[in-house]
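S.K.: Got a structure for you, questions after.
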Amino acid sequence: MVATAEAKFSAPKIRQTNMLINGKWVESRSGKRFKTINPVNETVIAEVAEGDPADVDAAVKAARAAFESGPWSKMDARDRGRLMNKLADLMEANLDELAALESLDNGKPISDARAADLPLSIDCIRYYAGWADKLTGDTIPIRGNYFCYTRREPVGVVGQIIPWNFPLLMAAWKWGPALAAGCTIIMKPAEQTPLTCLRLAELAQEAGIPDGVINVIPGFGATGAAMVKHPGIDKIAFTGHYETAQKIMVDASTTLKRLTFELGGKSPNVVFADADLDAAVAGAEFGLFFNQGQCCCAGSRLFVEQSVHDKFVDKMLTSAKARRLGDPFDPNTTQGPQVDSDQFNKIMSYIDKGKSEGAKCLTGGSRFGNKGYFIEPTIFTGVTDEMAIAKDEIFGPVMSILPFQGMDEIITRANSTHYGLAAAVWTKDVQKAHRFAASVRAGTVWVNCYDVFDAAAPFGGFKMSGMGRELGAAALANYTESKTVTMSLG
C-alpha cells in the first residue's frame, strides 16, 4: 500500500502566519503563537498568531465599520460580485500553490486537493458572485390603500468558525454567501489548518476587497468562544462537532445571535441486491475513505442486502487493499495521514472498541509506518447497530459493513441515529430509490452515487446534524434579514 513513485510536487512557501484585522497583517495583542504540525512527519510547519478576546474585539470594530460606514455597505451589488469573481480568478491562478498548502497543512493527497478542493472552492465563489445583484424582495398585496414590499438586507457582521477537514473549501462555503449578501466577516480557521485561509485572505486583498470586510483570527476554542459572546457579531456560522454547537447555542443566547450549524453524521450507505455492485463498491470506497475518512457525510454505516453481502465484501476488500498510503505530495498516493495526533488516537480507540465488542476486522486496523498519523484502511464485518463503531462518528478510515433483509428494515435502521446529514442508496429499481429517498431522515440523499457536490445544491442536516443550509440559494437566507416596508398611498 506504499506509494513509491518519485514525488512531482513540493511543499509551498509559507507566506503569512499573522492575523488579518482591518486590512493589516498583525501579531496577536498577547504576542502568543501556536504551532501548526505536518501530519506526515510530525514536524512544525510554522508558528501562527493566536487570537484572544482583544483581537476579536479589534476585528469586530473593523468589520462593523466596514459594514455600517465603509465602502462595502455603499458598494453596488454588481461591483461586489465583480470583486468576488476577481478573487476566484486569483484562486485559479494560484491553484497549484493553494493545493500544495492545503496538502501540507492537512495531509490530504495533493491529487485530491487539485481535483476536488480547489475546483469546488473556486466554483463556489463564482456561483455566489453571480448572486450578489439578484437578492430581490417581493411586492405584497395587502388590505387597504397601501403599497407593501419586502427587502432582503445583509444580517451584518458574521463570525465564521470552520473545521480542519476541508479548510479552503469550508472557507469558500462561508465567504461566498456572506460576501454576496453584503455582510462583513470574522473567520476563525481550525487551529490544525490555518494556512490556506490566511493565504486566501491575502488573495482577497489582492482582488480589491476593502479593508475590514474579511478579518481572519486564528486560534483555539477560546478564540471562537470570544466571537460567539461578542455583542458586536450578529451571526455565527459553525461547522464542526455537535457538542461544540451545543455550547455555542448556550453562549449565543445572551445576544440572540443568528446561528447556523453544519455538523456531523453517521450516514447510511445502502446497497440493494439489484445494484451494479462494482459501481456500488467504488462509490462506497470513495464515500468512506476519501479524505482519510474525515468527512462529515462519510458513508460509515454501509448496509448491504444479505443475498449479496459476502460477494460485496470480497470486492470491497480488494478495493481497500489497493489503496496507496504515503507522501501526500506523491501523485500516486490515494490516502494520506489523519490530521493530528488527537484524531489519530481517537480513531485507533474506535478500532480497539470494534474488536473488543466482537466485530471482525477483515483488513487494516493498525498504524501504518512509524512516523506521521497514518492509519490503514480498515473494514469491519459482524457489526451490530448497537456497537460504538456503528453509532458514533469516528471521522476516520473505518468502514462497518452490516447486512439487511429488506426495505422496511433498512429504513428503520437507517433512521436509528441522532444524526441526519446524508444517505445514499444503490439500486436499479427507481421505485426503491424514490421510496428510500423519501423515507430516510437526511438532508442529502445520493442515488447510485456518493459525495456529489455542487455550489447550487443545498447541503445540511436533519436532527443533530445541524440547522440551516450551506450552498445554493438556501445559504443566502443565512446571511440576510427580511424587512417589510408598508407605504400609505393616501
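The values are calculated or read from the model by the stated rules, or taken from the named source; none is laboratory data. Small disclaimer: the values here were computed from a predicted structure and weren't measured. Cβ coordinates were reconstructed from backbone atoms using ideal geometry, including for glycine residues, and neighbour counts include every protein chain displayed. Please note that ligands, DNA and RNA were not included when accessible areas were found on the heavy atoms of the full protein model with its side chains. Shrake-Rupley method; radii C 1.70, N 1.55, O 1.52, S 1.80 Å.
S.K.: With a 1.4 Å probe and all protein chains in place, put Cys296, Cys124 in order of accessible area, largest first.
M.R.: So the residues, ranked largest to smallest area, are Cys296, Cys124.
S.K.: Take the solvent-accessible surface of the protein heavy atoms, probe 1.4 Å, and return the percent of it on the stretch 16-59 that carbon and sulfur atoms account for.
M.R.: 47 percent
S.K.: Sticking with this structure for a sec: Please list, in order along the stretch 52-65, the HN-Hα scalar couplings obtained from phi with the Karplus expression 6.51 cos²θ - 1.76 cosθ + 1.60 (θ = phi - 60°), rounded to whole Hz, x for Gly and Pro.
M.R.: 3J(HN,Hα) across the stretch 52-65, in whole Hz: 9, x, 5, 5, 4, 4, 5, 5, 5, 4, 5, 5, 5, 5.
S.K.: When all protein chains stay in place, what accessible area (Å², nearest 10, 1.4 Å probe) is found for Trp72?
M.R.: 0 Å²
S.K.: So which GluC sites (Glu not before Pro) in the stretch 367-447 end up in coil per DSSP with only 15 or fewer other C-beta atoms within 10 Å?
M.R.: Glu386
S.K.: May I ask for the distance between the Cα centers of the stretch 256-274 and the stretch 230-245, given as a whole number of Å?
M.R.: Comparing the Cα centres of the stretch 256-274 and the stretch 230-245, I get a distance of 18 Å.
S.K.: Now for a different question. Which sequence of Thr254, Thr378 reflects their accessible areas, 1.4 Å probe, from the largest down?
M.R.: Listed by decreasing accessible area, they come as Thr254, Thr378.
S.K.: Among Gly468, Ala390, Gly283, whose Cα projects farthest towards the positive end of the dipole of the chain, with charges put on the beta-carbon of Lys, Arg (+1) and Asp, Glu (-1)?
M.R.: Gly468
S.K.: Heavy atoms only, probe 1.4 Å: what % of the accessible area of the stretch 147-242 goes to carbon and sulfur, would you let me know?
M.R.: Answer for the stretch 147-242 is 54 percent, counting heavy atoms of protein chains only.
S.K.: Could you list the trypsin sites (Lys or Arg not before Pro) in the stretch 332-374 that lie in coil according to DSSP, counting only those with at most 12 other Cβ atoms within 10 Å of their Cβ?
M.R.: For trypsin sites (Lys or Arg not before Pro) across the stretch 332-374 that sit outside H, G, I, E and B with at most 12 neighbouring Cβ atoms in 10 Å, the list reads Lys371.
S.K.: Rounded to two decimals, what is the ratio between the C-alpha radius of gyration of the stretch 130-189 and 2.2 N^0.38 Å?
M.R.: Ratio of Rg to 2.2 N^0.38 Å for the stretch 130-189: 1.59.
S.K.: What number comes out for accessible area per residue over the stretch 325-401 if the probe is 1.4 Å? Units Å², please.
M.R.: Value for the stretch 325-401: 36 Å² per residue.
S.K.: Using +1 on the beta carbon of Lys and Arg, -1 on that of Asp and Glu, and nothing else charged, what's the dipole of the stretch 397-446 about the Cα centre, debye to 20?
M.R.: 80 debye
S.K.: Among rounded, prolate and oblate, which fits the stretch 1-141 when a ≥ b ≥ c are the square roots of the eigenvalues of its C-alpha gyration tensor, a/c under 1.5 means rounded, and a/b larger than b/c means prolate?
M.R.: The shape class here is oblate.
S.K.: For the chain, what is the relative contact order in percent, using Cα pairs closer than 8 Å and at least 6 residues apart in sequence?
M.R.: Computed over the chain, the figure is 19 percent.
S.K.: A further question on this structure: At a 1.4 Å probe radius, which order do Lys463, Lys108 fall into by accessible area, largest first?
M.R.: Largest accessible area first, the list is Lys463, Lys108.
S.K.: What does the accessible area of Ile140 come to, in Å² to the nearest 10, when a probe of 1.4 Å is used?
M.R.: 70 Å²
S.K.: Quote the accessible area belonging to Ile394 in square angstrom, nearest 10, computed with a 1.4 Å probe and with ligands, DNA and RNA left uncounted.
M.R.: Ignoring ligands and nucleic acids, Ile394 comes out at about 10 Å².
S.K.: Work out the length of the dipole vector of the stretch 44-88 about its Cα centre, built from +1 on the beta-carbon of each Lys and Arg and -1 on the beta-carbon of each Asp and Glu, and round it to the nearest 20 debye.
M.R.: 520 debye
S.K.: Lysines near Lys86 by alpha-carbon distance under 24 Å, same-chain residues fewer than 8 away left out - which ones?
M.R.: The reachable lysines, counting only those whose Cα sits under 24 Å from Lys86, are Lys13, Lys24, Lys74, Lys134, Lys174, Lys188.
S.K.: 222 nm [θ] for the chain, helices only, -39500 (n - 2.57) per DSSP H run of 4+, per residue, to 500?
M.R.: -11000 deg cm²/dmol
S.K.: Another one. Keeping all protein chains in place, calculate the accessible area per residue for the stretch 446-490 (probe 1.4 angstrom), answer in Å².
M.R.: 46 Å²
S.K.: Right, another one. Rounded, prolate or oblate: which fits the stretch 158-259 when a ≥ b ≥ c are the square roots of the eigenvalues of the alpha-carbon gyration tensor, with rounded for a/c under 1.5 and prolate only if a/b beats b/c?
M.R.: Here the stretch 158-259 falls in the oblate category.
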